[in-house]
1. Assess whether Lys209 counts as being touching a residue at least 40 places away in the same chain (Cβ under 8 Å), in contact with an Asp or Glu (Cβ under 7 Å, 6 or more places away or on another chain) and not assigned by the TED database to the domain that holds Glu345.
2. Inside segment 172-193, can you point out the residues that are surrounded by fewer than 22 Cβ atoms within 10 Å (Cβ to Cβ), within 12 Å of Leu267 (Cα to Cα) and touching a Lys or Arg at 6+ places or on another chain (Cβ under 8 Å)?
3. With respect to Thr100, is the statement that it is open to solvent by 10 Å² or more (accessible area, probe 1.4 Å) and over 19 Å from Arg268 (Cβ atoms) true?
4. Looking at segment 68-81, which of its residues are under 21 Å from Phe98 (Cα atoms) and either surrounded by fewer than 16 Cβ atoms within 10 Å (Cβ to Cβ) or in contact with a Leu (Cβ under 6 Å, 6 or more places away or on another chain) (or both)?
5. If I ask for residues that are over 20 Å from Glu281 (Cα atoms) and out of contact with any Lys or Arg (no Cβ under 8 Å at 6 or more places or on another chain), which ones from segment 194-203 would you list?
6. Can you name every residue in segment 273-328 that is open to solvent by 80 Å² or more (accessible area, probe 1.4 Å), at pLDDT 95 or above and more than 20 Å from Lys209 (Cα to Cα)?
7. For segment 194-241, which positions are basic (Lys, Arg), within 25 Å of Asp125 (Cα to Cα) and open to solvent by 30 Å² or more (accessible area, probe 1.4 Å)?
8. I'd like to verify a number: residues in segment 251-272 that are open to solvent by less than 20 Å² (accessible area, probe 1.4 Å), at pLDDT 95 or above and not in a helix (DSSP H, G or I), how many?
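The values are calculated or read from the model by the stated rules, or taken from the named source; none is laboratory data. What you are looking at is a predicted structure, and each value in this text was computed from that prediction instead of being measured. FYI the Cβ positions are ideal-geometry reconstructions off the backbone, even for glycines, and counts take in every protein chain you see. Quick note on the areas: whole protein, heavy atoms, side chains included, nothing else; ligands and nucleic acids left out. Shrake-Rupley method; radii C 1.70, N 1.55, O 1.52, S 1.80 Å.
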Amino acid sequence: MLFNPLRTSFLSLQRTSSFIPTPQKTIFNLAFSVATATARMDSQSPCVLVLSGKSASERELIKSMKENASLKLADDAKLLTFLQSEKGWQSEKDEFNFDTYMASLTTTCFGRVLLWSPRLPSTQDVVSLNFCEIPIGSVCIADVQFKGRGRSQNIWESPKGGLLFSFTIQMEDGRVVPHVQYVVCLAVTEAIKDLALKNGIPPLDVRIKWPNDLYLNGLKVGGILCTSTYKAKKFNVSAGVGLNVDNDKPTTSLNAALQKLTCDYHLRREDITSAFFNKFEHLFHVLINQGFKPLEELYYKTWLHSGQRITVQDQDLRVENVVTVQGLTSSGYLLAIADNGEMCELHPDGNSFDFFKGLVRRKLM
């Protein structure tokens, strides 16, 4: 039995401002990097996947994965796997630094097994297809994506300069599954705050646009994608993050914003990723053990919508009404109040590219 509560709960969206639709979609950014253009033209060549583990037991595990050739790509694409310790792969100076990442990672589960590639079709596909072959909490990171997953089956190209990763989560309580995307968003914003505090740099006010976009100074800087299947009484969740760290086209990036603040510090993808998992593991434990309620205050301080006035449609999609956003309902949708005092729950209609241009009002009983 396959069930996707996250898709029905409006989670099928991963769009960062560096993600570029392929030619069958509208091209928003023609400034392709050389790496991205090459990746698109050479999408049939083998992809390289380098495996790393933090502990000795995890390194033994990835060695077994390599020896058994247990990892695969979608559509039977060619895949070459290497251990980090092997010499069969070459690392360039601007590629992801395993040692820097692992040194800052303090988790007990998440992010400890790393699958890195200079070029992949989609990190989300890698963790989804290999969910049962890799430990829970494993992360796949790519420097470039040429078939990134997006909402409404959009395909995105992601050039260098972005932090692009997906990781695995397993959950048993379906009531909190729709909230996991909010915890991922919150972990990103909190990780960036922690790095600023740790390094004495100006804080970057990264905010959450419901349900799963990240904004900086009014411009989109990142996005989240979560999908799941239900099997053996557990929800297998694949969570993806896309964040503009250095690529500031067509909107902005974290480091571009720091430069405007006359800051010489340069955020690194490795530091952001380890800080993310350190933060996410804590927030996830709160979600699992106590639900989303203890996290609401922090979430509302970070999102953009408290008190926002928006126009929505009734369930028949004919009558438009203006309501005021109050927060989230227990099911993870938007809670709003109409001018007559009636409380309602807002759902996306599934068609509009912008969630806030396609919200449907449903009365709360």
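1. Answer is no for this residue.
2. none
3. Spelling it out, it is not the case that Thr100 is open to solvent by 10 Å² or more (accessible area, probe 1.4 Å) and over 19 Å from Arg268 (Cβ atoms).
4. The answer is Leu79, Leu80, Thr81.
5. Within segment 194-203, Asn199, Gly200, Ile201, Pro202 meet the criteria.
6. Scanning segment 273-328 gives His282, His285, Asn289, Gln290.
7. Those that are basic (Lys, Arg), within 25 Å of Asp125 (Cα to Cα) and open to solvent by 30 Å² or more (accessible area, probe 1.4 Å): Lys209, Lys231, Lys233, Lys234.
8. 2
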